[in-house]
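Colleague: Here it is, the structure in full.
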Amino acid sequence: MTRGSRVLLVTGGSRGIGAAIVRLATRHGWKVCFSFVSDHKAADLLVRELQLKGYDARSLQGDVTDETFPKRVFDYAETHLGPVEGVVNNAGITGPIGSFKDASIETVRRIVDVNLMGTMLISQEAIRRWERSGTRGRIVNISSIASTLGAPGEYVHYAASKAAVEAFTIGLGKEVAAKGIRVNAVAPGTAYTDIHATAGEPNRPSRVVARVPAARIAQPEEIAEGVVWLLSDKASYVNATVLRVAGGL
């Protein structure tokens, strides 16, 4: 028997923090549609895992920088699960670790396109649909503690893109608040995911843990808790806010 009635859309949901959000959201009563770029195996395994537990989960391949993707993924989710009431903009990339002077223009543009433009395009589609239908929707954007720390010597361009996501979150949240739509963000600290290997330094958590006041690295599930709380009715008076889930940083 399928559980859950509300529909949530999560971008970049097949692995890492995204997958943790998908899993926790289903346990909290959401039907979930998540997107992925290329890892079919991870996406299929996650969908099967959740469906075997009686949850309703679907996945759709696509790139959030494709301007046709927001309509396609919303239409897909609504066809298979029902009207979307929540969105998590989780899709994001860091690019290779290194100094800004060595970053290629292609890398910088791709980071801005995925992290900022992707978030904006999906959010715009959500707001347009919710305003037409009168839905009191909720959006959670995934930022990073790098947005305030700056990530010098690692990926300041990534940090800049996430700072822009936070500015966008605050502005949009205020813009749509009177319509009953909430827009918030979570800024995670370093977590145990494969994003570090993708950036070229699999052991980065071990290198940076000494900076964290909590003296440990986060598990993806700990980040997901903050996200799912912001999606919930328990956070009904929280809007245009960035929640730092970063062990004290």
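The values are calculated or read from the model by the stated rules, or taken from the named source; none is laboratory data. It should be emphasised that the depicted structure is a prediction, and the values quoted were computed from it without experimental measurement. A quick note on method: Cβ atoms are made from the backbone with ideal geometry, for glycine too, and the neighbour counts reach across all protein chains shown.
Colleague: When both residues are 6+ apart or on different chains and their Cβ atoms are under 6 Å apart, which pairs have a first residue that lies in the range 192-207 and is farther than 15 Å from residue 246 by Cα and without any contact (Cβ under 8 Å) to a residue 24 or more places away in the chain, and a second that is in a loop (DSSP other than H, G, I, E, B) and not small (Gly, Ala, Ser)?
Modeller: What qualifies is 196/202.
Every residue, every condition in (1) farther than 22 Å from residue 121 by Cα; (2) part of a strand (DSSP E or B); (3) at pLDDT 95 or above, yes or no:
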site: 22; (1), (2), (3): no, no, yes
site: 45; (1), (2), (3): yes, no, yes
site: 51; (1), (2), (3): yes, no, yes
site: 58; (1), (2), (3): no, yes, yes
site: 77; (1), (2), (3): no, no, yes
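Colleague: Something else about it: Report yes if residue 118 is loosely packed, with under 15 Cβ neighbours inside 10 Å and in contact with a Ser or Thr (Cβ under 7 Å, 6 or more places away or on another chain), otherwise no.
Modeller: no
Colleague: Then there's this: I'm checking my understanding of the structure. Among residues of the range 194-208 that are part of a helix (DSSP H, G or I) and of a type in the set (Gly, Ala, Ser), which one is modelled with the lowest pLDDT? Spell out how you get there, then give the answer.
Modeller: Here is the first cut: in the range 194-208, the ones part of a helix (DSSP H, G or I) are 195-199, 204-208.
Remaining after also requiring of a type in the set (Gly, Ala, Ser): 197, 199, 206.
Numbers: 197: 71, 199: 68, 206: 81.
Per the stated criteria, the residue is 199.
Colleague: Among the numbered criteria (1) surrounded by 18 or more Cβ atoms within 10 Å (Cβ to Cβ); (2) not in a loop (DSSP other than H, G, I, E, B), which one does residue 93 miss?
Modeller: The failed condition is (2).
Colleague: Can you name the residue in the range 164-189 that is out of contact with any helix residue (DSSP H, G or I) (no Cβ under 9 Å at 6 or more places or on another chain) and in contact (Cβ under 8 Å) with a residue 60 or more places away in the chain and is also farthest from residue 243 (Cα to Cα) among such residues?
Modeller: 177
Colleague: Run down 111, 93, 105 and say which single residue is under 21 Å from residue 243 (Cα atoms), β-branched (Val, Ile, Thr) and modelled with pLDDT of 95 or more.
Modeller: 93
Colleague: Pull out all pairs, ordered by first then second residue, where Cβ-Cβ is under 8 Å, the residues are six or more apart or on different chains, the first lies in the range 37-62 and is within 20 Å of residue 83 (Cβ to Cβ), and the second is at pLDDT below 95.
Modeller: Filtered contacts from the range 37-62: 55/2; 55/3; 55/4; 56/2; 56/3; 56/4.
Residue by residue, here is whether (1) buried (at least 24 other Cβ atoms within 10 Å of the Cβ); (2) within 19 Å of the chain's Cα centre (by Cα); (3) more than 30 Å from residue 204 (Cα to Cα) holds:
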position	(1), (2), (3)
7	no, yes, yes
42	no, yes, no
53	no, no, yes
60	no, yes, yes
72	no, yes, yes
89	yes, yes, no
105	no, no, no
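Colleague: In addition: What residue, among those in the range 209-245 that are among the basic types (Lys, Arg) and modelled with pLDDT of 95 or more, is nearest to the chain's Cα centre (by Cα)?
Modeller: Among them, the one singled out is 244.
Colleague: Conditions: (1) closer than 16 Å to residue 89 by Cβ; (2) in a helix (DSSP H, G or I); (3) of a type in the set (Gly, Ala, Ser). Residue 177 meets all but one. Number of the miss?
Modeller: (1)
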